[in-house]
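Q: Below is one structure. I have some questions about it.
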Amino acid sequence: MKIKVIITGTTGMVGEGVLLECLENPAVEQVLIVNRKHYDMQHPKLQELLVPDFFDLTKVTTQLTGYNACFFCAGISSVGVKEPEYTHITYDLTLHFAETLSKLNPDMVFTYVSGSHTDSTEKGSIMWARVKGRTENALVKLPFAGVYNFRPGFMKPTEGQKSMKTFYKIIAPLYPLLHLFMAKQLLTLRDVATAMINAVLKGYPKSVLEIGDIKVLAKG
């Protein structure tokens, strides 16, 4: 089976890493990246759709039709952001995009990049964890063929990435050493992308995937 994938957030580290791995994976036939600004890359599998406002998708429904997977990697940091604004971007925008895709592609598998320690109860004291939990809970109710909420921790970037935060640029060379002492908390973006692809091809018994689940699914 070959899959056609929509990826959001490729101008960020996670989305870019997932994109690069998808382009190299023979199971992926076609990739459509949906961004607000141009991502400078050319590849035979790759198409780009620029959408200035993710809340207005009425003019691009045709371009979003015909895909059987979406890897939603877009998001913002909660640092310095008030809860209403964070909710608007993290919950409202994600759900609007997902609801649109579920109507256009009912056989689609939707994968959402959440975060380690996300709060499924939606009642905890940490703002971003509550909002992410609310988003996860809403996504699994949508009429997709499958919904998987990924909760990765530290991720080693993929070779060739351009989009990396300074922290990751500093820490990435230390990955082999970190792996010796905290392997259970570490992933590579290859793990993440491969697990996403396998979720479409093979499925997984859980809708919320912690670090250990992502590693298992990445191995197939």
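The values are calculated or read from the model by the stated rules, or taken from the named source; none is laboratory data. Please read all numbers here as calculations on a predicted model, not as lab measurements. Ideal geometry is used to build each Cβ from the backbone, glycine not excepted, and the neighbour counts take in all protein chains shown. Protein only, heavy atoms only, side chains kept; ligands, DNA and RNA dropped before computing areas. Shrake-Rupley method; radii C 1.70, N 1.55, O 1.52, S 1.80 Å.
Q: Keeping to the range 20-54, report how many residues are of a type in the set (A, V, I, L, M, F, W, C), part of a helix (DSSP H, G or I) and without any contact (Cβ under 8 Å) to a residue 40 or more places away in the chain. Break it down stepwise before answering.
A: Pass one, the range 20-54, residues of a type in the set (A, V, I, L, M, F, W, C): 20, 22-23, 27-28, 31-34, 41, 46, 49-51, 54.
If we keep only those that are part of a helix (DSSP H, G or I) too, we end up with 20, 22-23.
Going one step further and asking which of them are without any contact (Cβ under 8 Å) to a residue 40 or more places away in the chain, we end up with 23.
The number of residues fulfilling the criteria is 1.
Q: Among the residues of the range 110-122 satisfying the criterion of being out of contact with any Lys or Arg (no Cβ under 7 Å at 6 or more places or on another chain) and over 20 Å from LEU186 (Cα atoms), which is surrounded by the most Cβ atoms within 10 Å (Cβ to Cβ)?
A: Within the range 110-122, the subset out of contact with any Lys or Arg (no Cβ under 7 Å at 6 or more places or on another chain) is 110-113, 117, 120-121.
Next cut, over 20 Å from LEU186 (Cα atoms) only: 110, 120-121.
Working: PHE110: 26, SER120: 16, THR121: 10.
Result: PHE110.
Q: Let me ask something else about it. Those residues that are part of a helix (DSSP H, G or I), open to solvent by less than 10 Å² (accessible area, probe 1.4 Å) and modelled with pLDDT of 95 or more, I need them from the range 182-216; list them, please.
A: Within the range 182-216, the subset part of a helix (DSSP H, G or I) is 182-185, 189-201, 211-216.
Cutting the leftovers down to open to solvent by less than 10 Å² (accessible area, probe 1.4 Å) gives us 189, 192-193, 195-197, 199, 214.
Listed by number, the residues that qualify are VAL192, ALA193, ALA195, MET196, ILE197, ALA199, ILE214.
Q: Which members of the range 36-62 meet the condition of being closer than 17 Å to THR10 by Cβ and polar (S, T, N, Q)? Give the steps one after another, and end with the answer.
A: Here is the first cut: in the range 36-62, the ones closer than 17 Å to THR10 by Cβ are 36-52, 54, 60.
Selection gives GLN42, GLN47.
Q: Continuing with the same structure: Could you list, in sequence order, the residues of the range 14-58 that are small (Gly, Ala, Ser) and more than 23 Å from GLU99 (Cα to Cα)? Outline the logic, then answer.
A: Kept after step one, since they are small (Gly, Ala, Ser), are these residues of the range 14-58: 15, 17, 27.
Of everything in the range 14-58, those that are small (Gly, Ala, Ser) and more than 23 Å from GLU99 (Cα to Cα) turn out to be GLY17, ALA27.
Q: Continuing with this model, one more query. Contact list please: Cβ distance under 8 Å, first residue in the range 127-141 and surrounded by fewer than 19 Cβ atoms within 10 Å (Cβ to Cβ), second residue in a helix (DSSP H, G or I), pairs at least six apart or on different chains.
A: Once the first residue is surrounded by fewer than 19 Cβ atoms within 10 Å (Cβ to Cβ) and sits in the range 127-141, its partners that are in a helix (DSSP H, G or I) give MET127/GLU83; MET127/TYR86; ALA138/TYR91; ALA138/LEU95.
Q: Take the residues in the range 89-114 that are outside any loop (DSSP other than H, G, I, E, B) and among the small types (Gly, Ala, Ser); name whichever of them is farthest from ALA145 (Cα to Cα). Steps first, answer last, please.
A: Initially, the range 89-114 is screened for residues outside any loop (DSSP other than H, G, I, E, B), giving 89-104, 109-113.
If we keep only those that are among the small types (Gly, Ala, Ser) too, we end up with 98, 102.
Numbers: ALA98: 12, SER102: 9 Å.
By that ranking, first place goes to ALA98.
Q: Next question. Exactly one of (1) open to solvent by less than 70 Å² (accessible area, probe 1.4 Å); (2) aromatic (Phe, Trp, Tyr); (3) in a loop (DSSP other than H, G, I, E, B) is unmet by TYR86. Its number?
A: So TYR86 meets the others, but not (3).
Q: If you scan the range 6-40, which residues turn out to be loosely packed, with under 15 Cβ neighbours inside 10 Å and either among the small types (Gly, Ala, Ser) or more than 26 Å from THR87 (Cα to Cα) (or both)? Let's see the steps before the verdict.
A: To start, the set of residues in the range 6-40 that are loosely packed, with under 15 Cβ neighbours inside 10 Å comprises 24, 26-27, 29, 36-38, 40.
Correct list: GLU24, PRO26, ALA27, GLU29, ASP40.
Q: Suppose we filter ILE3, ILE76 for residues that are open to solvent by 60 Å² or more (accessible area, probe 1.4 Å) and touching a helix residue (DSSP H, G or I) at 6+ places or on another chain (Cβ under 9 Å); which single one remains?
A: Working: ILE3 fails: open to solvent by 60 Å² or more (accessible area, probe 1.4 Å).
After ruling out the rest, the residue left standing is ILE76.
Q: To continue, here is another question. On the basis of being of a type in the set (S, T, N, Q) and farther than 30 Å from ASP119 by Cα, does THR61 make the cut?
A: Numbers: of a type in the set (S, T, N, Q): yes; farther than 30 Å from ASP119 by Cα: yes.
Criteria met by THR61.
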